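Written out below as structure tokens is the structure these notes cover.
The values are calculated or read from the model by the stated rules, or taken from the named source; none is laboratory data. The structure presented is a predicted model; accordingly, all values stated were derived computationally and were not measured. Cβ: placed from backbone, ideal geometry, glycine included. Neighbour counts: every protein chain shown. Areas reflect the complete protein model, heavy atoms only, side chains present, ligands, DNA and RNA absent. Shrake-Rupley method; radii C 1.70, N 1.55, O 1.52, S 1.80 Å.
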Amino acid sequence: MVAVTKALSVIPAGLRTPLLAEYDSLVTNYSEQKWTAAELSGGKFCEIVYTILDGYAKGTYSAKPSKPANFVEACRRLENNNSVPRSFQILIPRLLPPLYEIRNNRNVGHVGGDVDPNHMDATTVLAIVAWVMAELVRVFHGTTVAEAQEIVDSIVERPVPLIWQSGQIKRVLDPKMKLREQVLVLIGSCAGPVDVESLQTWTECKDKAYFKKLIGALHKSRLVEASDGKTVRLLPPGTTVVAQIFGNHKGR
């Protein structure tokens, strides 16, 4: 699989580096339930993406991200660029303002918002940002939607304090955690799909048949996708459960 830095190599380093850094920061803060920090990263991400789209349309990029005086109006002006891909002209310019709104008027970037930073808002921010990242990769690298998403997934390995890692071995450090929860947090600590065999090794489950049945139950309940029988990845409901497990563990 192509590295994301290569997939986005057309974008100057002065914009590409902060773009990847903010995405990394957002995913990390989300996994650690730091809603305010995650949503702030979403706002910074908007400014970087705006600068990239503006530079793409003009044929020359700014050396670093810039913040328009009126962000919503600036995004509207991007819709006048008829010679760019439609997602760069319509979809992304219309997604950025609501993302920016969460940062500005939901008690994140400024005091006085009517809603405190929360899981629902942070989840919305993460979903939009991940889609935009995948679309940037798709357009700049000329790949498919599925391939673009795999490249984006490879950017971040989510740091989970609950888990210890050395080389290819991972261990859940809570000896009282049930096998089901161990499997979910281990999957959540990885970027992209995880081999079922690796999961069984990490949990030290000796009963292969029982472990396979457990993975099947998680798949049936739509917490994970494991239809190929060899790899597993979290589905959105599974991500929510993992976040709850992290929160419960930190609350001890």
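Collect residues whose amide H, placed 1.01 Å from N in the peptide plane, falls under 5 Å from the amide H of residue 231; neighbours closer than 5 in sequence don't count.
Here 196 satisfy the definition.
Using a Gaussian network model of the chain with C-alpha springs under 10 Å, which one of 28, 201, 36 is most mobile by mean-square fluctuation?
201
Carbon-plus-sulfur fraction of the accessible area of the chain, 1.4 Å probe, in percent?
With neighbouring chains kept in place, the figure for the chain is 52 percent.
Given the peptides 46-56, 67-77, 234-244, 121-131, arrange them by the average over their residues of other C-beta atoms within 10 Å, most packed first.
46-56, 121-131, 234-244, 67-77
Go through the range 72-78 residue by residue and turn each phi into a ³J(HN,Hα) via Karplus (6.51, -1.76, 1.60, θ = phi - 60°); whole Hz please, and just put x for glycine and proline.
4, 5, 4, 5, 4, 5, 4
Measure of size requested: the Rg and Dmax of the chain, with Cα atoms as the atom set and Å as the unit; please supply both.
19.7, 61
Along the range 14-25, what does the Karplus equation 6.51 cos²θ - 1.76 cosθ + 1.60 (θ = phi - 60°) give for ³J(HN,Hα), rounded to whole Hz, x for Gly and Pro?
My calculation for the range 14-25 gives x, 10, 5, 4, x, 4, 5, 5, 5, 5, 4, 4 Hz in order.
Under a point-charge model restricted to the Cβ atoms of Lys and Arg (+1) and Asp and Glu (-1), what is the dipole moment magnitude of the chain relative to its Cα centre, in debye to the nearest 20?
400 debye
If you average the sequence gap of Cα pairs under 8 Å that are 6 or more apart and divide by the length of the chain, what percent do you get for the contact order?
So the answer I get is 17 percent.
With the other protein chains left in place, how much accessible area per residue, in square angstrom, belongs to the range 8-92 at a 1.4 angstrom probe?
Result: 45 Å² per residue.
Going down the table (170/206; 6/230; 34/67; 34/220; 34/64), which pairs top 20 Å between alpha carbons?
As for pairs spanning more than 20 Å Cα to Cα, those are 6/230; 34/67; 34/220; 34/64.
With unit charges on the beta carbons (Lys and Arg positive, Asp and Glu negative) and the dipole taken about the Cα centre of the chain, which residue among 137, 215, 20 sits farthest to the positive side?
Final value for the positive-end residue is 215.
Give me the extension gain from residue 217 to residue 77: residue separation times 0.36 nm, minus the current Cα-Cα distance, reported in nm with one decimal.
Full extension of this stretch gives 45.5 nm more.
Could you work out how far apart the two model spin labels at residue 180 and residue 166 are, taking each label as a point 7 Å from the Cα in the direction of the beta carbon, and quote it in nm?
Here the answer is 3.1 nm between the modelled labels.
So, how do all the Cα-to-Cα distances of the range 1-97 break down into 10 Å bins, in percent, from 0 on up?
16, 44, 34, 7, 0
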